[in-house]
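Undergrad: Sending over a structure as structure tokens; questions will come in a sec.
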Amino acid sequence: MKKIKNKRSARSTIKSIAIYAVIIISIVYLLPRILAFALGTSHPMAVVSSNSMWPTLTRGDLIFLQNVNKEDIRVGDVIGYYNGGAGFGIHRVVKVENGSIMTKGDANIVEDRPISYDYVVGKAVSINGWVVKIPYLGYISMAAEGELKS
């Protein structure tokens, strides 16, 4: 009788592990695709990799980016953009003129080089002026890419 109970318990445990694995894989695989569709951008999530946007954003924050039209970019918006050879940037728009966008990190003293709209990936999702973020979650991505340094 005890052997039958142990076999059922083992099957139940294996079944539970399989169900949880399917759920986790579905979330990891499907969530970015669902967000990409809902937010209208191919890069719906971005990780803050420095403290240049402190105190608004800190290193390790995960933010969400939504599609933004060129004419809808305003001074004060936080945007994600390709920064040439320097990779990907998340900074605040400080000036929009003559077809170019000037950004600056909130904690930085100097402005970044101007970029064209073509480099913009998206505008940070915000609610009542507050950027939607998940603190610390970005560290998982940073660790996977080997970007965690003291």
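What follows draws every value from the coordinates through simple rules; no lab data is involved. Everything quoted here is computed from the prediction, not taken from an experiment.
Undergrad: Test of understanding: what is the full-extension gain from Val132 to Val75, defined as 0.36 nm times their sequence separation minus their Cα-Cα distance?
TA: Extra length available between Val132 and Val75 comes to 18.7 nm.
Undergrad: Before rounding to the nearest 500, sum -39500 (n - 2.57) across all DSSP H runs of length at least 4 in the chain and divide by the residue total; then give [θ] at 222 nm in deg cm²/dmol.
TA: -10500 deg cm²/dmol
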